Amino acid sequence: MGSERVFLEARPWAPNFLNVVLDTATLPAANHNYPSWGTVRLQWIDPLTTLSRYVARKDQLSPETFRAWGCARGESLPPWGWGTVILDFGYPRIQNEEYGVWLLNLRPTPTFISTTVIADLARAFLTGFAECNGTARLYLALGVNNHNRGKGVTRDHGRAWARMINQLNQDIWNNPHWLGRFWALGAIDAEPDWNTAQTTREWVEGYTEAADLLDLGSYLLNFGSCDGCPFRGCPSCQPSNGWTLEDLWYISWGAEAAEPFPEIYLTNGVNAEQWFHVARYGLETHQRVMIFTGVLTTWTACQETRDEQCQTTERRAGIDNQPMEGYLQMHRILSSHPILSQAYPRFSSDISWER
């Protein structure tokens with residue numbers, strides 16, 4: 001006479017089975033006295049968490065290194081697995097009429113690499129993945145940020161980044177061992193504190209103009225933040241640096257190429273609440289449900305750096321959310337809304353500096 005909710009821990013490396021047995025004979029609650037009925041419903045299937053990567057140093061820029069990284073990611077997924085890996089290359093840059101990036105580590109001097117080199121490294125990554133896992137599927141997202149340190153957050157740079165992703169997807173189509181298993185995506189760590197909304201929108205618009213979405217699926221992940229956005233404790237807050245919820249919605253879902261893969265770093269759930277406000281704004285203003293492709297956490301990077309700002313303390317929340325906790329924070333708050341409950345994230349990824 002009632003209901004019960006049961007949570008089960010599953011093994012991420014193998015199929016899992018739930019056996020439900022209905023006892024119809026034991027007195028006095030036998031079935032002929034108290035007919036039994038019920039429903040077993042899958043509320044969600046926790047995703048496999050992949051490990052994404054900051055590409056920070058010049059000494060990491062070899063096909064052998066990227067092949068090893070790809071192999072490690074392949075070994076971490078089961079044969080039937082499917083995940084998304086983001087490689088964050090750093091600051092958009094145009095140098096000697098070439099499009100590319102400055103790597104994240106700017107000391108002692110910035111290291112520039114072109115989109116041509118980045119594409120070659122991505123091919124090496126996919127080769128390593130395929131060598132170490134012959135059946136799992138992967139979205140490989142090649143990312144930049146919107147920081148103006150490299151002076152390259154422009155519409156033309158966005159177009160160049162999309163052309164690189166188009167070519168990678170064409171190479172995948174032409175490889176019978178990769179077709180149907182791999183997809184290349186663009187990605188941008190767009191953070192309001194780092195640049196203006198207009199400049200960031202122009203980069204996203206440039207990418208969208210050049211991306212082949214219909215035939216190649218060269219979509220763009222926004223794996224950025226929602227600085228200053230409203231949350232339960234501050235419903236009247238406004239995004240930082242002159243941004244609006246419209247700007248954040250546009251670069252994450254409104255632009256035709258864009259899909260959200262937001263940073264859910266804070267252990268107190270505020271990041272998930274902020275992105276929920278963006279999704280609810282899009283529903284109320286544009287009558288469109290924003291589907292979250294995935295959730296990004298930074299737990300591994302925090303363990304590597306031991307940065308004081310990372311760690312949760314009694315006085316404040318840290319940004320060391322564990323991957324499944326970040327995923328569940330986003331899932332729970334979306335599930336609280338009757339329409340946005342269909343928008344729960346599909347993928348989970350944690351980012352690293354060293355692994």
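Assorted remarks:
- Looking only at residues of region 310-334 that are open to solvent by 30 Å² or more (accessible area, probe 1.4 Å) and acidic (Asp, Glu), we find that the one that is farthest from residue 353 (Cα to Cα) is 314.
- Cross-chain or 6+ apart pairs with Cβ under 6 Å, region 90-117 first and among the polar types (S, T, N, Q), then crowded, with 18+ Cβ neighbours inside 10 Å: 95/112; 111/103; 114/100; 115/99; 115/100; 115/160; 115/164
- Residue within region 164-171 that is closer than 20 Å to residue 112 by Cβ, part of a loop (DSSP other than H, G, I, E, B) and either open to solvent by less than 40 Å² (accessible area, probe 1.4 Å) or of a type in the set (Val, Ile, Thr) (or both) present: no
- Test: residue in region 194-209 that is more than 20 Å from residue 91 (Cα to Cα), open to solvent by 20 Å² or more (accessible area, probe 1.4 Å) and either of a type in the set (Val, Ile, Thr) or modelled with pLDDT of 95 or more (or both): yes
- Test: residue in region 211-221 that is open to solvent by less than 40 Å² (accessible area, probe 1.4 Å), touching a residue at least 60 places away in the same chain (Cβ under 8 Å) and either among the charged types (D, E, K, R) or outside any loop (DSSP other than H, G, I, E, B) (or both): yes
- As for region 285-301, it holds at least one residue that is in contact with a helix residue (DSSP H, G or I) (Cβ under 8 Å, 6 or more places away or on another chain), polar (S, T, N, Q) and either buried (at least 21 other Cβ atoms within 10 Å of the Cβ) or in a loop (DSSP other than H, G, I, E, B) (or both).
- Residue count for region 78-112, restricted to those that are open to solvent by 10 Å² or more (accessible area, probe 1.4 Å) and among the hydrophobic types (A, V, I, L, M, F, W, C): 7
- In the set 246, 259, only one residue is touching a residue at least 12 places away in the same chain (Cβ under 8 Å), part of a strand (DSSP E or B) and either open to solvent by 30 Å² or more (accessible area, probe 1.4 Å) or in contact with a helix residue (DSSP H, G or I) (Cβ under 8 Å, 6 or more places away or on another chain) (or both); that residue is 259.
- Within region 224-243, the residues that satisfy the criterion of being open to solvent by less than 50 Å² (accessible area, probe 1.4 Å) and either in a strand (DSSP E or B) or touching a strand residue (DSSP E or B) at 6+ places or on another chain (Cβ under 6 Å) (or both) are 224, 225, 234.
- Entry remark, region 124-139: residues being assigned to a helix (DSSP H, G or I) and touching an Asp or Glu at 6+ places or on another chain (Cβ under 7 Å) number 1 in total.
The values are calculated or read from the model by the stated rules, or taken from the named source; none is laboratory data. Note that this is a predicted model, so its numbers are computed, not measured. Neighbour counts run over all protein chains shown; Cβ positions are idealised from the backbone, glycine included. What goes into the accessible areas is simple: the full protein's heavy atoms, side chains included, and nothing from ligands, DNA or RNA. Shrake-Rupley method; radii C 1.70, N 1.55, O 1.52, S 1.80 Å.
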